[in-house]
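To keep things clear, I will list the structure first and then write my remarks on it.
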Amino acid sequence: MQAPDELPGTMLNDTDTLADRLKTGDRAALARAITLVESRKSEHQETAQALLENILPETGKAVRLGITGVPGVGKSTVIDQLGINLIDQGHRVAVLAVDPSSTRTGGSILGDKTRMARLSVSENAFIRPSPSAGTLGGVAAKTREAMLLCEAAGYDVIIVETVGTGQSETAVSDMVDFFAVLMLPGGGDELQGIKKGVIEIADLIAVNKADGDNIKKAENAAAEYSAALHILTPASPDWTPAVVTISGLNNRGLDLLWDRVIEHRTITSGTNAFETKRRAQSVRWMWSMIDDSLRQRLQADVHLRSILPEIEEAVATKQMTPREASVKILKRLGLT
């Protein structure tokens, strides 16, 4: 029996059929299309490019929402409840999870499908983890392509979730329209996150778990964040980052969070900032794909891979300058 994400031979040679099925909202076709764009086989990449060109006119209309937060902040609970709320309002919701830690450990984040119990069984939802191998840039590129495929399949809200560590926040914020950071209430370190770059790129800070005994703590944390944000320069002159308290568990404040997302889109669309941002993201996407392609070429060169440890050791022991080493590598790739 064929696995849902397995690529049938006919699909590899008939992008029109796959695209047509995708545009009808066929979730099996969407899963196969994402598997196709994630593949590193050259023949699959060529087919994936043809598929993306086919569906491109059907993309760009969805709301692209990024959500981050440290492990334990309750991202999955919030996304599960928010997604169900949006589906009840008539939306179709796709969740794409970016976990760069899985590129180092080989771990899987398929557990998101179990943590988002209601979304995972909804006919109007689609949940997909990121690839479990490759560079962060490669993961981000594949997530962008998966986002386009989801839009072509009729999903009008795309939620991109990041694990909340390392460089993943910057990568995700650079592919979405609105970037929300979830924070925990209390703990005495409410302002610690202000020192991190992630707060500076946030369009909204949501203090989660504002329920039970945590309500007062959450309100105090939100007040401190609001005060601290006044001393930071907003990422956009058209938008001052909002601070809200929410409870994914009790479905509290999620309607306000969504109202801020829509308000942001309305304001930035009115000033042309929305379209300007989307265009800039496309250009940065191009460069990230160039970087990823160069890394693939490095990995594919057997001789270069065999001498890289020697070159690295020469640089580390000052027998060769970093510039000299880089030129040597680029010459091997025929780029100098």
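The values are calculated or read from the model by the stated rules, or taken from the named source; none is laboratory data. It should be emphasised that the depicted structure is a prediction, and the values quoted were computed from it without experimental measurement. Ideal geometry is used to build each Cβ from the backbone, glycine not excepted, and the neighbour counts take in all protein chains shown. For the accessible areas, the whole protein counts, side chains as well, though only heavy atoms, and no ligand, DNA or RNA atoms are used. Shrake-Rupley method; radii C 1.70, N 1.55, O 1.52, S 1.80 Å.
Against the condition closer than 24 Å to Ile87 by Cα and open to solvent by 70 Å² or more (accessible area, probe 1.4 Å), how does Arg252 come out, does it pass?
The answer is yes for Arg252.
Would you kindly identify the helices (runs of 4 or more DSSP H) lying entirely within the range 246-336 that contain at least 1 residues that are more than 30 Å from Val207 (Cβ to Cβ)?
273-300, 302-316, 322-332
Would you pick out the residues in the range 233-249 that are under 16 Å from Val181 (Cα atoms) and open to solvent by less than 70 Å² (accessible area, probe 1.4 Å)?
Pro234, Trp239, Pro241, Ala242, Val243, Val244, Thr245, Ile246, Ser247, Gly248, listed by residue number.
Can you go through Val176, Val181 and tell me which one is modelled with pLDDT of 80 or more, crowded, with 18+ Cβ neighbours inside 10 Å and touching a Lys or Arg at 6+ places or on another chain (Cβ under 6 Å)?
None of the others qualify; the one that does is Val176.
Which of the helices (runs of 4 or more DSSP H) contained wholly in the range 53-159 include at least 2 residues that are modelled with pLDDT of 80 or more?
75-88, 117-120, 136-152
Just for the range 259-275: of the residues that are crowded, with 19+ Cβ neighbours inside 10 Å and not charged (D, E, K, R), which one is farthest from Phe179 (Cα to Cα)?
Among residues in the range 259-275 that are crowded, with 19+ Cβ neighbours inside 10 Å and not charged (D, E, K, R), the one farthest from Phe179 (Cα to Cα) is Thr268.
Considering only residues that are modelled with pLDDT of 70 or more, more than 19 Å from Gly248 (Cα to Cα) and open to solvent by less than 40 Å² (accessible area, probe 1.4 Å), which ones fall in the range 186-201?
Passing the criteria: Val198, Ile199.
Being touching a residue at least 60 places away in the same chain (Cβ under 8 Å) and out of contact with any helix residue (DSSP H, G or I) (no Cβ under 7 Å at 6 or more places or on another chain) narrows it down to one residue among Arg278, Arg265; which is it?
When all the criteria are applied, what remains is Arg278.
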